[in-house]
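The structure appears right after this line, and notes come after that.
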Amino acid sequence: MSTVLLEKNRPFIQDQVGYKITTHPEHERLYHIQLEDALVAEFFQATIDAIPQRLQYVPYMRLLMAHKLRALAGEGFVGALRGIVNDRESGGFTIGVQNQTDNPDDFVRFGTAIAHLIGIPNLDAMTGTFYARFTVKDTDNSDSYLRQAYRLFTLHTDGTFVDEPTDWLLMMKMQEQHAKGGESRILHLDDWEELEKFSRHPLATYKMTYKSPPSKNVEQIIQRQTFYTRNNKPCICFIDQFAHPETMEQAVYLSEMSQSLENSPATKAMPLPIGDLIVLNNHFWMHGRAAFEKNPELFRELMRQRGVFATT
């Protein structure tokens with residue numbers, strides 16, 4: 001993105017009481033939101049009784065987390081979050097707890113508040129509740145790349161194998177030890193130099209079959225177009241691991257597309273500190289993970305929430 005375009009499309013930069021929004025230092029399309037320390041501390045104090053079990057068992061508690069954060073930061077904060085995620089020129093931001101805590105239970109409360117300001121998370125079938133917490137370690141017998149530390153986790157979108165919309169994705173780093181590498185890799189569709197070639201291909205709108213592995217706890221078989229249109233712009237639905245093409249031609253198309261995405265100069269690695277989260281629009285951002293360097297003591301824990309946009 002050119003400097004002129006960047007300056008023209010930064011409508012959410014602001015410095016308000018309680019928070020500040022700037023361009024992300026690692027990616028010019030993203031924003032970084034910094035909450036004031038006192039606001040974060042007050043949020044955690046006000047929600048101290050909302051342990052993860054209560055958030056799982058009592059659904060309205062999740063919205064109360066969002067309600068408290070909105071009361072502290074203001075309606076303008078909520079409008080900025082929703083505006084950023086829906087803005088095609090950006091569609092993503094990072095935000096964190098400002099080192100006010102290192103307790104993963106606090107991270108769940110904070111991430112839940114942010115998620116419910118944007119919309120409502122879908123059921124995460126892998127865990128049976130509205131969020132998933134999962135670890136990446138030195139050894140793992142997982143049936144997908146999600147927890148396999150030393151493999152490239154290729155660029156993809158979420159929700160490919162479930163029969164419900166997945167508008168946005170939230171990932172938060174909970175814990176990490178002895179981890180080198182493993183950066184998040186992200187790509188905005190509009191920065192991909194071969195978008196037109198693959199989005200206008202005869203197979204671009206063919207409904208491919210997606211099946212999930214046993215660990216996902218989803219038995220549905222779904223047919224999805226690789227490319228579709230929202231607001232007159234191309235969007236994508238793809239993950240290489242769970243696509244089941246029916247012909248050699250379909251396999252070649254998906255393979256060549258995936259290789260193009262992985263090799264694009266616009267695919268960037270994004271560091272994410274412990275206690276920070278990233279939110280991306282799932283319609284036009286793709287994400288993955290670089291491989292870790294080998295270490296028998298490697299440990300990383302992440303939280304994932306993903307869902308639909310708020311309508312009110």
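The values are calculated or read from the model by the stated rules, or taken from the named source; none is laboratory data. Please read these numbers as outputs of a predicted model, since none were measured by experiment. Heads up, the Cβs are rebuilt from the backbone with ideal geometry, glycines too, and the neighbour counts pull from every protein chain shown.
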(message) If I filter region 174-208 down to residues being at pLDDT 95 or above and among the hydroxyl-bearing types (Ser, Thr, Tyr), which single residue comes out as farthest from residue 97 (Cα to Cα)?
(response) 206
(message) Quick check on region 51-107: of everything there that is more than 18 Å from residue 17 (Cα to Cα) and among the aromatic types (Phe, Trp, Tyr), which residue is surrounded by the fewest Cβ atoms within 10 Å (Cβ to Cβ)?
(response) 60
(message) Checking the conditions here, which among 208, 303, 257 is within 22 Å of residue 81 (Cα to Cα) and either in contact with a His (Cβ under 7 Å, 6 or more places away or on another chain) or buried (at least 18 other Cβ atoms within 10 Å of the Cβ) (or both)?
(response) 303
(request) Spot the failing condition for residue 269; the list is (1) more than 20 Å from residue 90 (Cβ to Cβ); (2) surrounded by fewer than 19 Cβ atoms within 10 Å (Cβ to Cβ); (3) in contact (Cβ under 8 Å) with a residue 60 or more places away in the chain, and only one is missed. (result) (1)
(request) Any chance you could count how many residues in region 232-253 are out of contact with any Lys or Arg (no Cβ under 7 Å at 6 or more places or on another chain) and either in a loop (DSSP other than H, G, I, E, B) or buried (at least 16 other Cβ atoms within 10 Å of the Cβ) (or both)? (result) 14
(message) Looking only at region 254-280, how many residues end up being out of contact with any Gly (no Cβ under 9 Å at 6 or more places or on another chain), more than 20 Å from residue 300 (Cα to Cα) and not in a helix (DSSP H, G or I)?
(response) 4
(message) Take residues that are in contact with a Cys (Cβ under 9 Å, 6 or more places away or on another chain), of a type in the set (Phe, Trp, Tyr) and modelled with pLDDT of 95 or more and tell me which of the strands (runs of 3 or more DSSP E) falling wholly in region 44-141 contain 3 or more.
(response) none
(message) part of a helix (DSSP H, G or I) and over 26 Å from residue 70 (Cβ atoms): which single residue out of 155, 146 fits that description?
(response) 146
(message) I'd like to check something: does region 227-243 contain any residue that is in contact with a Leu (Cβ under 8 Å, 6 or more places away or on another chain), farther than 24 Å from residue 281 by Cβ and not charged (D, E, K, R)?
(response) no
(message) Given (1) touching a residue at least 40 places away in the same chain (Cβ under 8 Å); (2) surrounded by 15 or more Cβ atoms within 10 Å (Cβ to Cβ); (3) of a type in the set (D, E, K, R); (4) over 30 Å from residue 88 (Cβ atoms), identify the lone condition not met by residue 180.
(response) (2)
(message) Can you tell me which condition residue 287 does not meet? The list is (1) over 29 Å from residue 96 (Cα atoms); (2) modelled with pLDDT of 95 or more, and all the others hold.
(response) (1)
(request) Could you tell me which numbered condition residue 168 fails, if it satisfies all but one of (1) touching a strand residue (DSSP E or B) at 6+ places or on another chain (Cβ under 7 Å); (2) over 20 Å from residue 279 (Cα atoms)? (result) (2)
